[in-house]
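Engineer: I'd like to ask you about the structure that follows.
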Amino acid sequence: MGAVNDFDEKVGIEHVEQVHTAVGTQALDDLDTIEQTQSGKYAWLVSITAAIGGMLFGYDTGHELSSNEKELITSITSGAAFFGAIFAGTTADRYGRKIAIYVGCVLFIVGAILQAAAFSLAQMTVGRLVVGFGVGSAAMIVPMYIAEVSPAKYRGRMIGLDNMSITGGQLVSYGVGAAFAHVTGGWRYMVGGGALPAILLCCLLPFCPESPRQLVYHGKYEEAKDVIRKIFPLGTELQVEQKVRHITIHVEEAKNMVAGKSQWWVFKQLYVVPANFRALVAACGLMAISQLGGFNSLMYYSSTLFALVGFSNPVAVGTIIAGTNFFFTWVNLMLVDRIGRRRILLCTMQFMGLFLVIAAVAFHWIPVNHDLSLKEGTKVGGPAIVVLVSMVCYVAFYSSGMGNTAWLSSEFYPMEVRAMGTMMLTMTCWGSNVIVASTFLTQMENTTPSGAFGFYAAICILGWVAVYFCYPEVKGMTLEDIREIFNHGFGVKYARQLQKQAKLEGKTARNGSFGEKASL
């Protein structure tokens with residue numbers, strides 16, 4: 001069997017070499033000049049439409065839960081989302097990206113109806129399970145789909161639209177919850193309303209194309225050209241042809257690697273190929289830090305937390321947190337393609353740790369019983385105000401940093417393992433989510449609030465160190481070019497060199513253009 005596998009690999013290498021030879025002396029990068037032209041509104045409209053899928057995740061995680069449901073129901077939804085991500089990851093290459101989005105929408109609609117019509121905890125639990133499957137599927141496939149239809153220079157912002165929908169969904173959920181708080185059976189309207197963004201996405205998705213890379217993967221070259229023409233309306237016909245050729249070379253390479261192989265074999269390539277494994281560690285490591293660093297504890301249990309420190313209207317305070325989250329996600333959206341992913345992370349993560357430490361110290365001065373109730377006669381004082389301000393500042397740095405950036409990491413994976421890699425990224429999100437949702441209140445009781453927030457602060461600070469050594473900058477690079485980064489260790493220095501080189505080439509090109517105009 002080993003000899004057969006060696007033979008297959010040799011044949012694969014020879015085929016790839018033939019494909020590259022067919023390009024002739026022209027460098028691969030010269031086939032991608034269309035990326036330097038101005039993209040049109042089409043790519044933004046497609047990305048905005050797909051990003052509605054983020055509202056499924058956001059609206060669901062923004063729900064307030066009653067005390068007897070909190071850890072159980074929250075962790076059930078996250079656990080189901082974990083398996084929903086597996087479904088999307090294993091079908092995304094075979095059936096395309098859009099099918100998985102449709103399935104996620106249908107599951108969410110069914111789950112929302114089951115919850116709204118529930119008259120027992122068992123039916124509510126089933127509804128939450130179905131919603132979880134839908135959320136996991138959408139959360140996995142939407143960022144990858146947007147990454148594949150986006151121009152390289154706007155990819156961070158376009159994927160960020162998905163996160164804007166997530167945080168917007170959370171904010172809307174708090175608002176809807178407040179509106180129906182005193183309405184008899186109002187919770188039914190709240191959970192049933194979650195079906196609306198899924199219905200809207202189902203209606204708009206037929207107007208969105210399959211990603212050009214998937215069209216080329218399935219031999220639909222003319223359709224791929226049509227999509228590229230719409231994404232880059234100022235590109236020439238030659239540039240369109242070259243872009244399809246550029247994608248085809250890399251797609252053929254990816255297809256040849258996995259031809260005749262099982263999905264299990266493809267999955268193993270994430271671990272046995274060193275470059276893939278380093279991409280996996282960088283992507284999933286940041287995602288785990290983003291989930292285990294305390295943010296989702298705050299989103300799931302904000303009302304519980306602020307009631308604990310003595311605020312009489314914790315839902316209103318929780319809405320402030322959700323609003324801060326939404327606004328600073330927009331800040332990240334505006335900066336991520338200009339400043340870069342890595343620099344944003346290195347400028348925000350240490351401050352997350354700092355404000356968590358401040359909150360941990362402030363909790364020391366708040367008299368809390370072991371069962372997380374306040375001691376009698378306690379009023380909102382200075383320490384409680386410090387906790388609130390610290391949490392708002394923490395959320396601001398989280399949302400403007402890794403809250404959005406962690407989802408961009410699907411761009412790290414080469415095409416042959418991109419679906420599986422993004423599946424692992426999403427599974428890391430929901431697996432960490434289960435841990436947080438099912439242990440937060442217990443951790444608060446056993447280690448005190450100060451201990452819990454001190455633990456989260458340590459994760460954020462250690463995460464900053466990990467990002468410094470293991471997270472490369474890939475802003476402005478095409479998905480095909482990024483695959484080379486992790487062939488050079490974690491690629492931090494190599495990516496920096498490429499960024500400097502691209503900057504110099506850009507200046508040279510602009511100066512040359514200016515010189516030509518001046519001579520005229």
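Engineer: Among the listed pairs K41/K493; K220/K261; K153/K261; K243/K493; K230/K268, which are separated by more than 31 Å between their Cα atoms?
Structural biologist: K41/K493; K153/K261; K230/K268, as the Cα separations exceed 31 Å there.
Engineer: Hey, another quick one. Rounded to two decimals, what ratio of Rg to Rh does the stretch 25-259 give with C-alpha atoms and a Kirkwood Rh?
Structural biologist: With Rg and the Kirkwood Rh in hand, the quotient comes to 1.06.
Engineer: I'd like the FRET efficiency for A178 and E237, computed as 1/(1 + (r/R0)^6) with the beta carbon distance as r and R0 of 41 Å, rounded to 0.05.
Structural biologist: Computed FRET efficiency for A178 and E237 comes out at 0.15.
Engineer: In addition: Grab the Cα-Cα distance for V106 and R343, subtract it from 0.36 nm times how many residues apart they are, and report the gain in nm with one decimal.
Structural biologist: Result for the pair: 81.5 nm of gain on full extension.
Engineer: Cβ neighbours within 10 Å, averaged per peptide: list 336-342, 267-273 in order, most packed at the top.
Structural biologist: Highest-to-lowest ranking by the protection proxy: 336-342, 267-273.
Engineer: Rounded to the nearest Å, what's the spacing between the alpha carbon centres of the stretch 78-135 and the stretch 216-258? Just the number, please.
Structural biologist: 32 Å
Engineer: How much accessible surface does E35 have with a 1.4 Å probe, in Å² rounded to 10?
Structural biologist: 20 Å²
Engineer: Could you calculate the contour length gain from A117 to Y271, that is, 0.36 nm times the residue separation minus the distance between their Cα atoms, to one decimal place in nm?
Structural biologist: Extra length available between A117 and Y271 comes to 51.0 nm.
Engineer: What are the ³J(HN,Hα) couplings of the stretch 143-152, residue after residue, when phi is run through the Karplus curve with 6.51, -1.76, 1.60 and θ = phi - 60°? Round to Hz, x for glycine and proline.
Structural biologist: Once rounded to whole Hz, the list reads x, 5, 4, 4, 4, 7, 9, 8, x, 4.
Engineer: Full-extension gain between F327 and Y95, please, as 0.36 nm times their residue separation minus the C-alpha to C-alpha distance.
Structural biologist: So the extension gain works out to 79.9 nm.
Engineer: Still on this structure: Per residue, how large is the accessible surface of the stretch 25-259? Use a 1.4 angstrom probe and give square angstrom.
Structural biologist: 38 Å²
Engineer: Of the accessible area of the stretch 25-259, with the probe set at 1.4 angstrom, what percent is carbon plus sulfur? Kindly include the intermediate steps, with their values, before the conclusion.
Structural biologist: Details: 5970 of 8880 Å².
Solvent-exposed carbon and sulfur of the stretch 25-259 make up 67 percent of the total.
Engineer: Quick one: which of 212-218, 360-366 comes out on top by average Cβ neighbours within 10 Å, and what's the full order, highest first?
Structural biologist: 212-218, 360-366
The values are calculated or read from the model by the stated rules, or taken from the named source; none is laboratory data. Since the model is a prediction, treat every value here as computed from it, not as a measurement. For neighbour counting, all protein chains shown are included, and Cβ atoms are generated from backbone atoms with ideal geometry for every residue, glycine included. To get the accessible areas, we keep the full protein, side chains included, count just its heavy atoms, and leave off ligands, DNA and RNA. Shrake-Rupley method; radii C 1.70, N 1.55, O 1.52, S 1.80 Å.
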